[in-house]
Structure formats: structure tokens, C-alpha cells
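Data block below; observations after.
The values are calculated or read from the model by the stated rules, or taken from the named source; none is laboratory data. If you're wondering where the values come from, they're calculated on a predicted model, not measured in any experiment. All Cβ positions, glycine included, derive from the backbone under ideal geometry; neighbour counts span all protein chains shown. Accessible surface areas use protein heavy atoms only, side chains included; no ligands, DNA or RNA. Shrake-Rupley method; radii C 1.70, N 1.55, O 1.52, S 1.80 Å.
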Amino acid sequence: MKKVLMGNHAAALGAALARVDVAAAYPITPQTQSVELLAELAAKGDFKGRFVLADSEHSAMSILLGAASVGARTFTSTSSHGLAYMHELLHWVAGARLPVVMVEVNRALAAPWNLWTDQTDSLSQRDTGWMQFYCATSQEVLDTVLQAYRVAERVRLPAMVVLDGFTLSHTYEPVDVPSQAAADAFLPPYQPPDILDPARPISLGGLTMPKEYFRLRRRIDHDMRRALGEIAAAGRDFQTQFGRGCGLVEDYRCEDAATILVTAGAVGSTAQEAVDSLRAEGLRAGCLRLRVFRPFPTQALRACLPPRARLAVVDRSYSPGASGIFFQEIKAALYPSRREIAGYVAGLGGGDITVEFLRDIWRDADAGRAVADDPAWVEDAR
Amino acid sequence: MKPSIPAEELLRPGHQACQGCGATIAMRYALKGLGPKTILVVPACCWTVIAGSAPRSSVGVPLLHSPFAAAAATATGVKQALVQKGDLETQVMVWAGDGSTYDIGLQAWSGAADRGEDILYACYDNEAYMNTGIQRSGATPRGAWTMTTPDAPGSQRPPKDIGAIVRAHRPAYFATATPAFSEDMVRKFQKARAIKGFRFIHVLSPCPPGWKYDPGETVSLSRLAVQTGIFPLYEVEDERLRLNMRPAKLKPVEEFLAPQGRFKKLTPDQRRAIQQDVERRWEAWAA
């Protein structure tokens with residue numbers, strides 16, 4: 001059924017459709033409506049799981065650690081400082097191989113305070129062992145929550161479904177909400193392995209020696225790489241059942257493109273408009289959106305780039321002293337390469353990245369004006 | 001002859017505690033009180049080690065390790081998920097040291113108590129960060145030596161009154177216990193098991209290397225802590241406090257202090273002050 005929803009509501013409906021057993025969360029702008037809607041659905045009996053309003057994000061994720069350790073399907077949502085506060089538990093949950101799914105709404109980190117979208121919060125959780133999906137629409141948020149559970153439970157790793165603060169979280173869009181039966185057909189009940197059960201006492205998370213620890217970490221990496229295939233398969237199956245879906249990357253008019261805008265998140269759909277307008281002027285523009293950041297889709301990225309196309313990576317994130325975070329990752333993934341790859345840092349702290357702004361960036365890159373190893377900090381003059 | 005506490009042993013041989021460890025005897029009695037339908041949640045503390053390294057375990061019930069500040073929240077999740085699955089019987093117990101209870105994990109258990117989570121929180125209190133090598137915690141008594149309060153007269157501040165902090169949350173049950181009084185201790189865990197809601201048991205747990213005494217003295221120090229009035233045994237239900245042990249005459253605190261190296265540098269004035277503290281509190285309770 002089509003509904004007009006904000007991104008946060010799409011996230012909460014996704015969790016309810018996934019028949020989550022235990023959800024725990026702590027409020028933070030701009031994630032709050034997903035928490036409120038889950039509480040409301042629980043009160044009305046439309047969400048049949050248990051909802052806990054935790055005392056902090058650290059506790060919210062700890063609650064999910066406990067719940068998932070006895071075999072529950074679990075959910076939370078957070079943003080920015082909340083995500084940073086969870087950091088310890090993100091490592092723990094991934095190390096414990098628990099398929100927790102979290103919706104994370106991008107917001108800049110202080111100081112100084114800022115409420116608006118910026119991907120540095122989620123990208124700084126890169127090394128925690130969580131899968132990361134970046135969504136371009138509210139529809140994709142809901143669909144990705146369902147797909148994330150399927151993948152997470154198959155590879156036994158947690159997944160973060162990321163959307164832009166306000167740009168998506170608070171923007172109302174038409175969203176096709178699947179029926180419960182259709183969601184059930186796509187996402188089977190969770191069959192947890194090795195859980196805590198008094199009938200078969202085991203201890204989880206105890207001290208390990210270097211050899212065991214090394215091997216366990218290696219298995220995480222192995223399964224994270226295996227997730228690439230699982231994500232692609234979940235996308236295909238979703239496409240078959242619902243007639244929509246996407247894979248690891250979304251390429252748009254890239255086949256003969258001279259210069260390609262590379263983005264992640266909601267900017268991805270703005271970039272398609274920019275490409276259309278540049279194409280209308282006879283320019284060979286294309287764009288590519290990374291939907292999945294971890295595991296990093298190296299092969300999928302390479303497969304959809306024409307051999308000599310220039311790349312203009314637009315980052316709403318920055319690692320001080322280095323560069324935009326997607327820029328670094330893409331350069332590493334394409335190495336060795338003679339391709340020109342330019343990095344643009346734009347829209348930190350929620351600055352608008354408009355069609356016109358993206359056209360400017362594209363023209364700059366297409367003219368070969370960017371300096372390869374030095375990211376350009378660009379502001380929209382308009 | 002029928003034993004006065006359950007004969008079933010859920011603490012297994014081969015645990016990795018120090019000789020004379022109070023926290024290990026305490027776990028033995030706690031599990032005798034709770035029985036096998038129990039899941040333990042253990043944050044970073046001595047018991048992280050005592051439980052044994054993976055995949056071995058020194059307890060006959062499931063045990064989930066958790067980060068330092070996360071125990072009560074992790075236990076919340078375990079219990080909520082069990083209830084969601086229809087298991088209303090399995091007991092979930094946090095087993096945490098004083099560091100995570102008085103300091104780093106205080107927010108998490110305060111939140112769980114505030115929500116009225118149906119979990120039992122047991123703090124085995126050895127009065128300092130013992131697992132990391134004896135640093136002062138919020139539970140360290142005034143005057144006690146630790147590695148971070150090395151000079152005479154040791155820790156400058158009194159410990160936090162954890163009983164008052166817990167009781168301010170109006171828990172379903174609060175009790176103090178210590179292993180020397182094994183029947184009292186087992187009874188309290190049995191009783192806690194039968195009560196629904198947030199329950200808290202504060203266990204004084206002597207620590208030979210941290211308190212600097214002969215490992216053979218653990219039970220006697222545990223007993224002296226009660227007999228001197230340093231650690232009164234009581235329980236609180238429906239906000240009504242009941243003293244479980246009321247000695248006709250308190251023994252001098254010196255009997256508790258003297259065997260412990262951590263109090264070696266206390267001045268006579270400090271010793272008198274501790275005695276007076278105890279007497280003042282005792283009079284208030286007796287009234």
C-alpha cells in the first residue's frame with residue numbers, strides 16, 4: 001500500500017514488518033520519529049515485539065546485545081553523538097556475531113553543535129565490523145531494512161542502514177509499504193545458532209588467546225566479504241518479488257561517460273538530475289552511487305566504470321589531515337589506476353548539495369582542474 | 001541430615017580465582033539460591049577471569065560477558081527477549097564488581113531500575129578495582145590503601161552509600177549479604193528469585209590480595225565485617241527495612257581492620273573515627 005511517509009517512519013515500519021522481537025532506542029534529533037512511531041505501534045499492538053526506551057545509546061545497544069544473545073531479532077535507530085556513544089558496543093556486537101540491524105540517521109558531530117546531515121558519523125564506524133548501506137530514498141530505507149535482516153542473519157554480522165538527517169529523515173515521500181505477508185515471504189523467521197539457554201549452558205564472549213582471536217577476526221572478514229554476494233542476491237530477490245531494488249552500486253548513464261559524479265546517500269538522486277541536465281547540453285556526464293560501503297564493493301565499482309572516465313567523488317565527510325572518506329576508499333579500491341580521481345568535500349554540517357552545485361563540481365572535474373591528491377573544499381556560491 | 005542450603009553445586013572446579021577469593025564463594029552461594037534456570041551477565045570484573053577462558057566455563061549456567069558499563073542493560077535485553085519468547089521462568093542475574101556498579105555502570109543499572117526491569121543485580125563488592133590491580137573505586141573505604149591512594153592515610157573520601165542510591169530507585173527488593181553467613185545469603189537469593197521486578201543484592205566480598213590479608217581469613221573477615229557493624233546484614237521490601245542480624249554488642253572495628261594490610265597506616269584518630277561512624281549509624285538503625 002502506498003503511503004506518504006518521512007524517512008524515519010519508513011525505518012520504523014521496516015522494523016515492524018521484519019517482526020522484530022526486541023527494539024531498544026534512545027531519542028536524538030533527527031532520529032526521534034522512528035522511536036516515537038515504534039512506541040506508538042507497540043502501544044496499539046501493531047508492533048508485536050518488546051520496545052525499551054533505554055537510558056542511553058550505549059545501553060540501547062547493550063540491550064540488543066543481550067536480546068540477540070538469546071536469539072531475538074533486534075532493532076535500534078540512532079544518529080551522530082548517539083552512534084559515537086555506542087561505539088564500544090558496535091565492536092562488541094560485531095565480534096559476538098550478532099545480526100543486529102540499526103537505522104542510523106546522518107548528522108554532524110560537535111563541537112560546535114550542528115543538527116544537519118553529514119556522513120562523518122557513520123563513516124567513522126567503518127572498522128567496527130558492521131555492514132553499512134547508504135539509502136537515497138525513503139522507499140529504499142524501508143526496503144533495505146528488510147534486506148539487511150536477511151543478509152545479517154545469513155552472514156551473522158550486524159548491519160547499519162544509513163539515511164541523511166532531515167534530507168531524508170524528515171522529508172515526506174510516497175513509499176510503497178509491503179503487506180506483512182509479502183514481508184514474511186521475503187524475510188523468513190530468524191533461526192539463531194549458539195544462543196544462551198539454561199538447558200545447554202555455554203559462555204559467550206569469554207577471554208580468548210591471540211591464536212583464537214586472530215582466527216575469529218579472520219572469519220569476520222571472510223563473512224563480511226561473503227556478504228557482497230548475499231547483498232546482491234537479496235537485492236535481486238527483492239526485485240523479483242516487489243519489482244524494485246538495487247544492488248551494491250547504482251550507476252546512471254555511465255556507459256560512455258567522460259566524467260562521473262560519485263556519491264552516497266540522498267545526494268545520489270540529486271546527482272542523477274544533474275547528469276540529465278548536463279546530458280541535455282550534450283556533455284558526457286554520468287553518476288554512480290555507492291549503496292554499500294561495508295563490505296566495500298570493489299568489483300561492482302570497477303565493473304561499471306568505463307576505462308578512462310574521470311571520477312569526481314563528492315564527500316559529505318572528511319578525515320582531517322587526509323581527505324573525504326569515500327574518496328580515500330575509492331582510490332584504494334581502484335589502485336593501481338591511471339584514472340583521474342578528484343575529491344570534493346561539500347555540504348558538511350548539512351549544506352545543501354543542489355543540482356547546480358553538482359553541475360559546477362562536474363564541470364570542474366571534467367575540465368581536469370582538480371588536483372589529484374588534494375581534496376577540494378567546495379562551497380556553493382549561490 | 002538435611003543440609004540447610006541446597007546441595008547442588010553450580011560452581012565448577014577449575015575456576016581461575018585467587019586463593020581465598022570471596023567473590024568465588026559468593027557466586028557459589030548465589031547460584032545455590034538461584035538454581036540452574038539462570039542466565040548470568042558479567043561485565044568486566046574479576047569474574048571475567050574467574051569464569052574461565054573460552055570455550056571453558058566454571059559455572060553450570062549460561063554466562064554472557066558484557067562491556068564494563070553495559071551489564072544491567074545487557075541483562076535487560078536478555079530478559080526482554082526471554083519474555084518475548086514466552087520463557088517467564090529463567091532468572092537473569094547481573095554479577096558485577098563494585099567498579100562497574102558504583103562507577104562506570106551506574107547509569108545502566110539506574111536506568112534498568114527506573115524501568116523496573118525484571119532482573120536481579122548482584123554486586124560483589126571487594127571495595128576497589130581488584131582485577132586491574134587494586135585501584136580506588138567509589139566503594140573504597142576511607143583510609144584504605146590502594147595503588148592510586150598509596151600514601152597514608154589512603155583514600156580520602158568515604159565510599160558511596162550504594163544502599164541509599166539503590167533504595168532511592170524503590171527497587172522490588174534490596175538486600176545485603178556476605179559469604180560468612182551462607183544460610184542468610186542463600187535465602188536472600190532464593191527470595192529474590194521469587195520476586196518480580198528490579199532486585200539488588202549487595203555482597204561484601206573480601207579480597208586477599210587487595211585487602212592484604214592471609215587467604216585463610218576470608219570467611220572470618222566476612223563475619224567480622226558484620227559483627228563489628230561495618231557491614232550490616234539487612235533487606236528492604238516495600239521500602240521497609242529489616243535488620244537480619246542484630247548483635248547484642250558490636251565487636252570493636254579494630255578486629256576487622258587489624259588483619260588487613262590495606263589499613264596498616266591508619267592513625268589511632270582514624271581508627272577511632274571509623275568506630276564512631278559505625279556506632280552512629282548503628283544507633284540510628286536501632287532507634
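One residue is enough: does region A:214-234 have a residue meeting the conditions within 14 Å of another protein chain (Cβ to nearest Cβ), at negative phi, part of a loop (DSSP other than H, G, I, E, B) and open to solvent by 90 Å² or more (accessible area, probe 1.4 Å)? Checking region A:214-234: not a single residue is within 14 Å of another protein chain (Cβ to nearest Cβ), at negative phi, part of a loop (DSSP other than H, G, I, E, B) and open to solvent by 90 Å² or more (accessible area, probe 1.4 Å). Look at (1) within 11 Å of chain A (Cβ to nearest Cβ); (2) closer than 26 Å to B:ALA225 by Cβ; (3) open to solvent by less than 10 Å² (accessible area, probe 1.4 Å) and you find that B:ASP125 fails only one, number (1).
Right, B:ALA26: buried (at least 20 other Cβ atoms within 10 Å of the Cβ), farther than 15 Å from B:ASN131 by Cα and away from chain A (no Cβ under 13 Å) or not? Criteria met by B:ALA26.
Restricting B:VAL78, B:VAL94, B:VAL61, B:VAL49 to residues that are out of contact with any Asp or Glu (no Cβ under 8 Å at 6 or more places or on another chain), among the β-branched types (Val, Ile, Thr) and under 16 Å from B:PHE200 (Cβ atoms) narrows the list to B:VAL94.
Any residue in region B:65-76 that is within 14 Å of another protein chain (Cβ to nearest Cβ), within 22 Å of B:SER222 (Cβ to Cβ) and touching a His at 6+ places or on another chain (Cβ under 9 Å)? No: region B:65-76 contains no residue that is within 14 Å of another protein chain (Cβ to nearest Cβ), within 22 Å of B:SER222 (Cβ to Cβ) and touching a His at 6+ places or on another chain (Cβ under 9 Å). Selection of region B:60-89 for residues being surrounded by fewer than 23 Cβ atoms within 10 Å (Cβ to Cβ), touching a residue at least 12 places away in the same chain (Cβ under 8 Å) and part of a helix (DSSP H, G or I) yields B:PHE68, B:VAL83.
The condition of being more than 20 Å from A:LEU163 (Cβ to Cβ) and open to solvent by 10 Å² or more (accessible area, probe 1.4 Å) holds for only one of A:TYR335, A:TYR318, that being A:TYR335.
Among the residues of region A:18-33, those identified as open to solvent by less than 20 Å² (accessible area, probe 1.4 Å) and more than 17 Å from A:PHE166 (Cβ to Cβ) are A:ALA18, A:VAL20, A:VAL22, A:ALA23, A:ALA24, A:ALA25. Given the condition of a type in the set (Phe, Trp, Tyr), at pLDDT 95 or above and farther than 28 Å from A:PRO99 by Cα, answer yes or no: does some residue in region A:288-296 qualify? No - not one qualifying residue is present in region A:288-296.
Out of all the residues in region A:1-47, which are of a type in the set (Ser, Thr, Tyr) and in contact with a helix residue (DSSP H, G or I) (Cβ under 6 Å, 6 or more places away or on another chain)?
Filtering region A:1-47 for residues of a type in the set (Ser, Thr, Tyr) gives A:26, A:29, A:32, A:34.
Those that are of a type in the set (Ser, Thr, Tyr) and in contact with a helix residue (DSSP H, G or I) (Cβ under 6 Å, 6 or more places away or on another chain): A:TYR26, A:SER34.
If you filter region B:148-169 down to residues that are among the hydroxyl-bearing types (Ser, Thr, Tyr) and open to solvent by less than 60 Å² (accessible area, probe 1.4 Å), you find that the one that is nearest to B:LEU241 (Cα to Cα) is B:SER155. Being not hydroxyl-bearing (Ser, Thr, Tyr) and not in a strand (DSSP E or B) is the requirement here; does A:LEU5 meet it? It is false that A:LEU5 is not hydroxyl-bearing (Ser, Thr, Tyr) and not in a strand (DSSP E or B). Checking each residue in region A:176-193 for being within 12 Å of another protein chain (Cβ to nearest Cβ) and at pLDDT below 95 picks out only A:PRO192. Looking at A:GLY265, is it away from chain B (no Cβ under 14 Å) and surrounded by fewer than 17 Cβ atoms within 10 Å (Cβ to Cβ)? No; evaluated as a whole, the condition is false for this residue.
Given the structure, is B:LEU31 buried (at least 24 other Cβ atoms within 10 Å of the Cβ), more than 7 Å from chain A (Cβ to nearest Cβ), modelled with pLDDT of 95 or more and over 19 Å from B:ASN131 (Cα atoms)? Steps first, answer last, please.
Numbers: buried (at least 24 other Cβ atoms within 10 Å of the Cβ): yes; more than 7 Å from chain A (Cβ to nearest Cβ): yes; modelled with pLDDT of 95 or more: yes; over 19 Å from B:ASN131 (Cα atoms): yes.
Yes, satisfied.
Of A:LEU196, A:LEU278, A:LEU207, which residue is in contact with a strand residue (DSSP E or B) (Cβ under 9 Å, 6 or more places away or on another chain), open to solvent by less than 50 Å² (accessible area, probe 1.4 Å) and within 14 Å of chain B (Cβ to nearest Cβ)? First the steps, then the outcome.
Values: A:LEU278 fails: within 14 Å of chain B (Cβ to nearest Cβ); A:LEU207 fails: open to solvent by less than 50 Å² (accessible area, probe 1.4 Å).
Within the list A:LEU196, A:LEU278, A:LEU207, the selection yields A:LEU196.
Entry remark, region B:35-51: residues being open to solvent by 10 Å² or more (accessible area, probe 1.4 Å) and at the interface with chain A (Cβ under 10 Å from one of its Cβ atoms) number 5 in total. When we screen B:TRP145, B:TRP109 for residues that are away from chain A (no Cβ under 14 Å), surrounded by 24 or more Cβ atoms within 10 Å (Cβ to Cβ) and touching a residue at least 24 places away in the same chain (Cβ under 8 Å), the only hit is B:TRP145.
The rows are residues; the columns are (1) of a type outside the set (A, V, I, L, M, F, W, C); (2) under 17 Å from A:ALA11 (Cα atoms); (3) in contact with a Lys or Arg (Cβ under 8 Å, 6 or more places away or on another chain); (4) at pLDDT 95 or above.
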residue	(1), (2), (3), (4)
A:SER62	yes, no, no, yes
A:SER69	yes, no, no, yes
A:ARG73	yes, yes, yes, yes
A:VAL100	no, yes, no, yes
A:VAL105	no, yes, no, yes
A:ALA110	no, no, no, yes
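Scanning region B:213-250 for residues that are surrounded by 12 or more Cβ atoms within 10 Å (Cβ to Cβ), of a type in the set (Asp, Glu) and out of contact with any strand residue (DSSP E or B) (no Cβ under 9 Å at 6 or more places or on another chain) yields B:ASP214, B:GLU217.
If the condition is being open to solvent by less than 10 Å² (accessible area, probe 1.4 Å) and more than 8 Å from chain B (Cβ to nearest Cβ), then region A:74-87 contributes A:PHE75, A:THR76, A:SER77, A:THR78, A:SER79, A:SER80, A:GLY82, A:LEU83, A:MET86.
From the list A:THR167, A:THR171, A:THR144, which one is among the polar types (S, T, N, Q), assigned by TED's automatic domain parsing to the domain that holds A:PHE75 and either without any contact (Cβ under 8 Å) to a residue 60 or more places away in the chain or in contact with a Cys (Cβ under 6 Å, 6 or more places away or on another chain) (or both)? Walk me through how you get there before you give the answer.
Numbers: A:THR167 fails: either without any contact (Cβ under 8 Å) to a residue 60 or more places away in the chain or in contact with a Cys (Cβ under 6 Å, 6 or more places away or on another chain) (or both); A:THR171 fails: either without any contact (Cβ under 8 Å) to a residue 60 or more places away in the chain or in contact with a Cys (Cβ under 6 Å, 6 or more places away or on another chain) (or both).
The match here is A:THR144.
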